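Here's the structure we're looking at; comments come further down.
Bear in mind these aren't lab numbers, they're just calculated from the coordinates by the rules spelled out. Treat the numbers as computed from the prediction; the structure is a model and nothing was measured. Positions of Cβ are backbone-derived with ideal geometry, glycine not excepted, and every protein chain shown enters the neighbour counts.
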Ligand code: AHG
Ligand code: MN
Ligand code: MN
């Protein structure tokens, strides 16, 4: 290849450049949402480092309950929570956060922030110690209370269709960041040695059909009958059963390959297990933007009316035709 040809080759698009481009396509945008997405990406890089070191921390932990700096060992989901809260506080665009790790709203001491964020800092916590993919899920709203005042519950109770952005980070065989601002879904893969996320899948389109079903089938006898009957249908069709037990990882695989994820209501979890604001809504938004679908069995997840911060919901999400098939069983 000549030097001229080499120079003409396209270079990867970094997350930063991509966000800037998206922002300049919307002249009215003030840049705060862009900055907020960058803050989340930065926190994601830090968590990625912690996740990669998790095994090593265990080894150093074997010398006592303190890490090398003499600090007490903390569980990785608590570490992730602190890292994200710090990033969101420092950024200045966010006035309040709800996280899976705290019962109440966390204030950022920045009442001038335009946005509120709902976050599951580390999803799939049962997989942390066993080197299996885990993730972070986030959802962003523009606040409805006046700028300058203290954010309230109302800012978080806007419903799934009011999300201005949502995304997830998957710490897996590679680390990726996936997000939407309502204009399609893009995937960025982290290049460790450069410390950058690069655009790897542009405007992904989830297959309308699939042959993967993902459910904790050990709870089969407990599930609502519609879910049981659909699962029998999956057996008859000889779908592949794939269940990691990290929602982000199961969701991501199905989004790309075609499949359905089910977390039904059951005797143990009469409202379902997953949390509406920081698990179901953001993934439902991403699914919708990628041409997939979600339901709680009765309505699109994005249409569920929120009542409380840590509300749970049954959650079925995946390829459009599979979700439609499932609905025939309700
Ligand atoms: P988290 O680790 O944030 O508490 O979420 C766990 C969730 C989700 O990631 C996963 O799909 C599901 O719980 C697994 O639940 P079961 O162990 O009941 O299958
Ligand atoms: Mn979770
Ligand atoms: Mn979690």
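Once you have a ≥ b ≥ c as the square roots of the Cα gyration tensor eigenvalues for the range 212-327, tell me rounded if a/c is under 1.5, and otherwise prolate or oblate according to whether a/b is larger than b/c. All intermediate terms of the calculation are to be shown ahead of the outcome.
Values: a/c = 1.57, a/b = 1.15, b/c = 1.36.
It comes out oblate by the Cα gyration axes.
What shape does the range 92-177 have by the C-alpha gyration tensor, where a ≥ b ≥ c are the square roots of the eigenvalues, rounded means a/c under 1.5, and otherwise prolate means a/b greater than b/c and oblate the rest?
Values: a/c = 2.59, a/b = 2.16, b/c = 1.20.
In terms of gyration-tensor shape, prolate.
For 14, 295, which order do you get if you count the other beta carbons within 10 Å of each Cβ and list the fewest first?
Details: 14 16, 295 22.
The most exposed by this proxy come first: 14, 295.
Once you sort the root eigenvalues of the Cα gyration tensor of the range 12-201 as a ≥ b ≥ c, which label holds: rounded (a/c under 1.5), prolate (a/b larger than b/c) or oblate (the other case)?
The shape class here is oblate.
Would you order 280, 234 from fewest to most other beta-carbon atoms within 10 Å of each residue's own beta-carbon? Don't jump to the answer; show the numbers that get you there.
Values: 280 29, 234 22.
Taking fewest neighbouring Cβ atoms as first place, the list is 234, 280.
If you take every DSSP beta bridge fully contained in the chain, what fraction is antiparallel? Give it as a percent rounded to 5.
Working: 44 of 53 bridges.
Around 85 percent antiparallel, to the nearest 5.
Stretch residue 153-residue 46 to full length: gain in nm at 0.36 nm per residue minus the Cα-Cα span?
Here the answer is 35.6 nm.
Using alpha-carbon pairs under 8 Å, 6+ residues apart, how would you state the relative contact order of the chain in percent?
15 percent
Can you pull the Kirkwood radius for the chain, inverse mean 1/r over Cα pairs, to one decimal in Å?
20.6 Å
Just to confirm my numbers, what's the Cα centroid distance between the range 19-47 and the range 150-225 in Å?
If we compute the Cα centre of each part, the gap is 17 Å.
Note the full-extension length gain between residue 25 and residue 298 as 0.36 nm times their separation in residues minus their Cα-Cα distance, in nm to one decimal.
So the extension gain works out to 94.6 nm.
Would you mind telling me which residue in 310, 201, 252 has the biggest mean-square fluctuation in a Gaussian network model of the chain, where springs connect alpha carbons within a distance under 10 angstrom?
201
Would you mind computing, in nm to one decimal, how far apart the modelled labels at residue 201 and residue 17 are, each placed 7 Å from Cα along Cα→Cβ?
Result: 2.2 nm between the two label points.
How large is the helix-only mean residue ellipticity at 222 nm for the chain, computed as the sum of -39500 (n - 2.57) over DSSP H runs with n ≥ 4, divided by its residue count, in deg cm²/dmol to the nearest 500?
Calculated at 222 nm, the ellipticity per residue is -10000 deg cm²/dmol.
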